[in-house]
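Notes to accompany the following structure.
The values are calculated or read from the model by the stated rules, or taken from the named source; none is laboratory data. The structure displayed is predicted, hence computed values, not measured ones. Reconstructed Cβ throughout: ideal geometry from the backbone, glycine too, with neighbour counts over all protein chains shown. Ligands, DNA and RNA are excluded from the accessible area calculation, which covers all protein heavy atoms including side chains. Shrake-Rupley method; radii C 1.70, N 1.55, O 1.52, S 1.80 Å.
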Amino acid sequence: KDGFIDEHVKTICKVYRERRDVMLDALEEHMPAGVKWTHPKGGLFLWTTLPEGFDSAEIFKLAVKEKVAFVPGEPFHPNGGGKNTMRLNFSCEKPEVINEGIARLGVVLKKLF
């Protein structure tokens, strides 16, 4: 009733927008050709799509060795498919960590392309 929630929502929207934009810029800089991603207008994640034939669950194992993680997308496709997708979270890390993580993921993917 004191307006805290309304102000807090404005603050976190600004923080999440900044982090989303940092991730989008990092993807643009570090991803190899053929990788695509969404430009979310809300939420806490973006989706990345690799070319057909790639398995994000297998790539996850390689990414962890580079000290970066993501959520493989296949479980989010209950009717099948999505093996070549990844869900990336931008909400919980600071911009510099997001940039470093995407750079590491880019290294992993460039070795496979």
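Details
- Helix 95-112 vs. the chain, principal-axis angle (Cα, 0 to 90°, nearest 10): 10
- Angle of helix 4-30 to the longest C-alpha principal axis of the chain, folded into 0 to 90 degrees and rounded to 10: 30°.
- Where segment 12-73 is the region considered: accessible area per residue in Å², 1.4 Å probe: 61
- The chain: angle of helix 56-65 to the longest principal axis, Cα-based, in degrees nearest 10: 80
- Identified option (computed percent of Cα pairs over 18 Å apart; candidates (i) 62; (ii) 50; (iii) 56): (ii)
- Loop-located trypsin sites (Lys or Arg not before Pro) in segment 19-112 (DSSP state not H, G, I, E or B) with no more than 11 neighbouring Cβ atoms inside 10 Å: K41, K67.
- Restricting segment 46-113 to GluC sites (Glu not before Pro) in coil, as DSSP defines it, with at most 11 other Cβ within 10 Å: E52
- Gain in span if fully extended, E52 to N79, counting 0.36 nm per residue against the direct Cα distance: 8.0 nm
- The chain, relative contact order in percent, only Cα pairs under 8 angstrom and at least six apart counted: 34
- Computed E for Y16/K36 - FRET, C-beta separation, R0 25 angstrom, nearest 0.05: 0.70
- Rounded to the nearest 500, the 222 nm mean residue ellipticity of the chain from helices alone is -16500 deg cm²/dmol, with -39,500 (n - 2.57) taken per DSSP H run of at least 4 residues.
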